[in-house]
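Read the figures in this text as sums done on the coordinates, not as results from a lab. Remember, it's a predicted structure, so these values are computed and weren't measured experimentally. Note: ideal-geometry Cβ built from the backbone for every residue, glycine included; neighbour counts use all protein chains shown.
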Amino acid sequence: MNRDADVVIGGAGIAGLALAGLLAREGRSVVLVDKAPPPRDRVCGEGIMPMGVAVLRELGLEPESIPGHDFQGLEFHTARTVARVPFRPGRNGRGIRRTTLVEALQGTVRDRPTVTAVRDDLTGPVWEKGRIVGLEGRLGRYRGDAVVAADGARSSLLRKAGMRFHERGYRMGLRLHFALPRPLEMEWVRVGLFSPWDVYVTPVSEGELLATTMCDRAAYRRIVTDYPGFLASTPFASLFAGARPASRPLAWHHPLFVPERFTAGGMLAVGDAGGGIDPCLGTGVSFALATAREAARAVAAILDCPAGRPEAENAFEAWRAGLFRHYALFDTVFRSLVTSPFGSEALVWGMRHWPGTAAAITRIVAENAPWHTFPWSSLLRPSWN
Ligand SMILES: Cc1cc2nc3c(=O)[nH]c(=O)nc-3n(C[C@H](O)[C@H](O)[C@H](O)COP(=O)(O)OP(=O)(O)OC[C@H]3O[C@@H](n4cnc5c(N)ncnc54)[C@H](O)[C@@H]3O)c2cc1C
């Protein structure tokens, strides 16, 4: 089974589907290859930040029409302190079940005659004259004028292209959905910093919550056999009273790594393939969508003007590296705080008493706002309420 197209995309998760949807709107021919039947479920917090909601709109999707639940900010809890950090008015996030989001993204490519979806386990890139010109699978070869790796964390395509990664450890993630006995109007994602666990509770519909917990392997072993029992022992217990599990529990160890570059042999890396940020920031899906949008621009430039390929690839590389740098700082600081009881307490105490600073930092993270928008004067305005 050999296929040629303008663009070959390896991986049809969030990033691969979003990219295929954007390219299909321009009439580009796309071969989209994935080894698993969609919609593939996986561990996720399922809370999409305002940055990701904005890209869904660019894809022509109305986020409100995708079954889910809006949230207007984050509510941080420790055993002693609570701090609410709102997004800007009108910039909601949205909790959407992962499989529902994948189905919505599939809708953007379904019935597009220029998109061919193929089920195949990709084994590596196809090189020609020092460039990647396609992808090889167990069933065939797929050649394109542009090639994109969207095969998720630990991208085998990038590794096979000879890319080296800086490993930054990993954290375990465990998730379970709960159907509530009565509808709950929960307009905040609750973040419980109960070190050694951080617990993320996202409303994914009026009657359903997702609880995802991240921790190290030793702490994971203590909760995996009775996850509902663990949740009932936290300050979030009342949320789950009378609730019944509404999905299969899923666990995963999420690798934290950064590749040396975000392009290899001309192949662009999008989504988790281009580096693993700690999920505690809740930005992975937004990253996947935003990097797909940027890759769509680079691919369009390459296809329209093949002579401009190096500039287009370099522009993508520079944009992606800037995005990673922007978030690597938050990732390192936030992860080191939330994995210690003292750090968690200090963080939530700080958020409670410096609400302007907390809202500004949240805006920089959730909307990818530039640092120069940070209001330094907010540090001089603590609130002791
Ligand atoms: C515990 C946890 C909590 C999280 N919480 C949040 C959150 O609240 N909000 C948020 O925005 N993000 C969150 N994330 C991150 C988010 O889930 C990911 O960043 C996002 O799913 C990345 O999408 P992707 O398309 O890059 O990768 P994926 O969705 O993993 O897609 C990769 C695709 O590539 C395919 N593939 C892989 N290898 C091959 C191969 N050899 N051949 C063919 N196909 C292949 C796979 O089958 C898959 O379909 C969380 C992640 C974890 C682990």
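Candidates S29, I277, G107 compared by Cα position along the dipole of the chain: farthest toward the positive end lies I277, with charges placed on Cβ. Between the amide H of L139 and those of D121, distances stay under 5 Å, these residues lying 5 or more places away or on another chain, with hydrogens modeled in the peptide plane. Could you tell me the distance between the Cα centroids of segment 231-255 and segment 18-75, to the nearest Å? Distance between centres, Cα-based: 24 Å. Spin-label pair H372-E206: with each label point 7 Å from Cα along the Cα-Cβ axis, the two points sit 4.5 nm from one another. Full extension of the chain segment joining R119 with W384 gains 89.7 nm, where the gain is 0.36 nm per residue of separation less the Cα-Cα distance.
Extension gain, A36 to R131, is 31.5 nm, computed as 0.36 nm per intervening residue step minus the present C-alpha separation. Dividing the helix sum by the residues of the chain, where each DSSP H run of 4 or more adds -39500 (n - 2.57), gives a mean residue ellipticity at 222 nm of -10000 deg cm²/dmol. Our compactness index for segment 7-94, the C-alpha radius of gyration over the empirical 2.2 N^0.38 Å, is 1.38.
If you build a Gaussian network model of the chain, linking Cα atoms that sit under 10 Å apart, which residue out of S29, S238, S156 swings the most? Maximum among the listed residues: S238.
Overall shape of the chain was characterised from the C-alpha gyration tensor. The equivalent ellipsoid obtained from it has semi-axes of 36, 23, 20 Å, in decreasing order. Modelled this way, with points 7 Å down the Cα-to-C-beta line, the labels at R217 and A237 are 3.2 nm from one another. Scanning the chain for GluC sites (Glu not before Pro) in DSSP loops with at most 16 neighbouring Cβ atoms within 10 Å leaves 27-184 as the longest stretch between them. Were the residues from A318 through S65 laid out at 0.36 nm apart, the gain over their Cα-Cα distance would be 87.6 nm.
Restricting the calculation to Cα atoms, segment 308-385 shows an Rg/Rh of 1.13 when the hydrodynamic-style radius is the Kirkwood one.
Using R0 = 30 Å, the C-beta based FRET efficiency linking D111 and R141 works out to 0.70. Spin-label model, R80/R248: points 7 Å from Cα along the beta carbon direction are separated by 4.3 nm. Highest GNM mean-square fluctuation among A307, A358, A54, for the chain modelled with Cα contacts below 10 Å: A307.
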